[in-house]
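Structure first, commentary second.
Since every read-out is calculated from the coordinates, none of them should be taken as a lab result. It should be emphasised that the depicted structure is a prediction, and the values quoted were computed from it without experimental measurement. No Cβ is skipped: glycine too gets one built from the backbone with ideal geometry, and neighbour counts run over all protein chains shown.
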Number of protein chains: 2
Amino acid sequence: MALIVEKYGGTSVGDVDRICAVADRVIAAKAKGDDLVVVVSAMSGETNRLTNLAHEVSNRPPARELDVLLSTGEQVTIALLSMALNAKGCKARSCTGSQVRIRTDSVHGKARIQNIDDTRVRADLDDGCVVVVAGFQGVDEQQNITTLGRGGSDTTAVAMAAALKAEECRIYTDVDGVYTADPHLVPDARRLERITVEEMLELAGAGTKVLQTRSVEFAGKYKVPLRVLSSFEEGPGTLITYEESLMEQPMISGIAYHSDEAKLTIRGVPDEPGIAYQILGPISDAHINVDIIIQNVSAEDGTANVTFTVHRNDFQKALSILDEIAEGLGAAEVVGDDNIAKIAVVGVGMRSHAGIASKMFRSLADEGINIQMISTSEIKISVVVDDKYMELAVRTLHKAFGLDQE
Amino acid sequence: MALIVEKYGGTSVGDVDRICAVADRVIAAKAKGDDLVVVVSAMSGETNRLTNLAHEVSNRPPARELDVLLSTGEQVTIALLSMALNAKGCKARSCTGSQVRIRTDSVHGKARIQNIDDTRVRADLDDGCVVVVAGFQGVDEQQNITTLGRGGSDTTAVAMAAALKAEECRIYTDVDGVYTADPHLVPDARRLERITVEEMLELAGAGTKVLQTRSVEFAGKYKVPLRVLSSFEEGPGTLITYEESLMEQPMISGIAYHSDEAKLTIRGVPDEPGIAYQILGPISDAHINVDIIIQNVSAEDGTANVTFTVHRNDFQKALSILDEIAEGLGAAEVVGDDNIAKIAVVGVGMRSHAGIASKMFRSLADEGINIQMISTSEIKISVVVDDKYMELAVRTLHKAFGLDQE
């Protein structure tokens, strides 16, 4: 008898009928003889409804109270799914983040899981129950309710799977697996049977919306077998593997993009040790995630320019922090642009193949797409372009690297 | 500096504007220098919305999961009110029942408070915060979420006031105090400046909707100074007192009624010791509250009839339990009627005055109202009548006892 953690997102539990359909799926999985822990998100639309209520009351609702408010979304879903399971004759019990004891730090809205107590969930499983756990939420040491930020339910699922040493963690989404590119943008995109965790990480980090980076990192750290599959149709989905590269590793496994990005540049800062820290330290202290960072020196006056990208939601906040920093450093100016997109080619095969970058840059140039920033890692090359070119860039690269062919 | 507990019901926090208005009231109270704990209900309509969702999923949702679901209602309100207070410059922090540690028994949907840990609330008060507490909810020993049943937020407020030894517990409602009768039914009804807790208990038990019986019992037990007042207009409301009867105690302080009642009769049970327990024990085990109980012996065949009243919501459940009991006892038959109303005259002065009962019965007879059941206590006489006579009976008695005159 294996233990399986399943996770269903907001769309999969979007209304009462869908919740009942999820109950059927869970019962079918349990009928195979496995123990089941099911992690769910808020019903789609609910988080927005609650956020709007908060903003009707306050322009800047305290993060602590926003978490108290938003966490009710998942609590409603766990109750309804448990009711649906019980109504269909399957013993089930719900568990909030606080009841499981999913302990996090105290960074409201972006909390990180520190540890999970598996006592209660184990006891309920031993009692023959399906345990339905609220995703996205936890409690800090003082029992304050915290939320994990966007995509947090994936992280909850993976963390539960790690804590319970589950056989597999299945993330049910509205797509049936990980594709070589977004099928909405690229009709020829193909589903991958399996993908390495590093590739998945780069794809997720570069904005493929299937899984949140943090959940993949978590899975990689604890080697949780992770499978992405559709909650609406049958199919094996895509398995995220931890094995060494296969013999005939394809060079590029996929093209990822991210449209909710913004970039900020501070110009004319002194070119001296510690300058990057002085600029990016305060940004990080404000819990803003920075992705690409580029620093270069202007030959003329010996000052440096630093450019970095952040999520578009954090753009205004980052801009005002950067303005303060600029004043302190006597920088020349701060400029920002929130009409950018990030596109990346990803593949572990890239390590051993030269010429990927030049092929990428040439393909984009052939379509007249200007590259604003470039950043590379061992298995990924990312570029920033004007967001109006995003779709064209993704399609061009998908074709250029032959991902449309088996 | 005194500590005040305030409680605002669902109508008072029915939308964002009203929540902001409550915030203004709280701030005004705090400006007088008092420490404030504010207990709130779910926004009006929210509990119904959630209950409907549950019933879409399941005909008989498990009580445990229903509590998980319903308790989100108050959690939303505490977050929004805390946001509104902070937005207006008043430091405030929300607390769920679980966070306070309002410990209850495990009777989901009708849980009773066992104890309240005041540590966290005291710490937040010491920190200069208004503490906004979710009414209606608690946790049992295993951290399962429980709810206290109808009117439970009043009970939460009184229990918090008792635990914190508050100076006063103020229950804000949509009426401006306790009246000699329901002003909607009796235009001449007058607001009482003060009322003894015994009178209030009898009034509440007999269905005056201002306060729930349990909360008044609780207040009486811990001698919590309790004041009922309007959340929409200024005014002193009605103070519930614990002092001995005043010298010139009016004979009757008010007329109460309850329309959501049903009665059940089991006929032809053996007239032997223990019979009442055999009948009412299983009803009580099913957590159905019984109000009036009447037992009498039929002279002819030596068997007894037992009649009792329950809340209309419990009627079908009580009926099916009674059918089983009837079979076990070989009773002649079980009959029920859920079209009844209960009307009571209440007053501590009644103790020392004869003739109240006969005056009551004669007034009703003069109007052609048939009395189905009679029950008396030291300070109350209740009758059950066909519910179509309810309004007429209340008005007739209000006039007969001179409550329309100062």
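Figures for the structure shown
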quantity	calculated
Residue A:127-residue A:374 pseudo-label distance in nm [points 7 Å out on the Cα-to-Cβ vector]	6.0 nm
Ascending count of other beta-carbon atoms within 10 Å, so fewest first, for A:242, B:257, B:389	A:242, B:389, B:257
Rg/Rh for the protein assembly as shown, where both radii come from Cα atoms and Rh is the Kirkwood radius	1.09
Cross-link table B:317/B:388; A:30/A:399; A:88/B:342, entries beyond 31 Å C-alpha to C-alpha	A:30/A:399; A:88/B:342
Angstrom value of the Kirkwood radius, inverse mean 1/r, which spans all Cα pairs in the range B:3-173	15.7 Å
Rounded to the nearest 20 debye, dipole of the protein assembly as shown from Cβ charges on Lys, Arg, Asp, Glu	440 debye
Placed amide H near residue A:111: partners under 5 Å, 5+ positions off or other chain	A:147, A:148, A:149
From phi via Karplus (6.51, -1.76, 1.60), per-residue ³J(HN,Hα) for the range A:385-398 in Hz, x at Gly/Pro	9, 4, 5, 5, 8, 4, 4, 4, 4, 4, 5, 4, 6, 4
Dipole of the protein assembly as shown, positive direction: furthest Cα of A:304, B:307, B:175, with charges on the beta-carbon	A:304
Estimated D of the range A:120-278 in µm² per second, where Rh is the Kirkwood radius over Cα pairs and Stokes-Einstein applies at 10 °C, 1.306 mPa s	88 µm²/s
Hull shadow area, averaged, chain B [alpha-carbon convex hull, nm²]	21.7 nm²
Under 14 Å, Cβ to Cβ, from residue A:148 - net charge with Lys/Arg +1 and Asp/Glu -1	0
Net charge, residue A:323 excluded, C-beta distance under 13 Å - Lys, Arg +1, Asp, Glu -1	-1
Within a Gaussian network of chain B (alpha carbon springs, distance under 10 Å), most fluctuating of B:140, B:271, B:387	B:271
Along chain B, longest interval not containing exposed trypsin sites (Lys or Arg not before Pro), exposed being DSSP loop plus at most 12 other Cβ atoms within 10 Å	B:224-406
Paired Rg and Dmax values of the range A:55-148, which use every Cα atom, in angstrom	14.6, 47
Normalised contact order of chain A, rounded percent, pairs of Cα under 8 Å and 6 or more residues apart	14 percent
Choice from B:302, B:336, B:151 showing the highest fluctuation, given a GNM over chain B with Cα pairs closer than 10 Å	B:302
Per-pair calculated FRET efficiency, R0 = 51 Å: residue A:234 and residue A:287 via Cβ, rounded to 0.05	0.80
With Cα atoms, 0 to 90° folded angle of helix A:16-31 axis to chain A main axis	70 degrees
Coordinate range along principal axes, alpha carbons of the range A:255-400, Å, largest first	47, 31, 27
Dipole magnitude of the range A:3-174, debye to nearest 20 (Cβ charges: Lys/Arg +1, Asp/Glu -1, about Cα centre)	40 debye
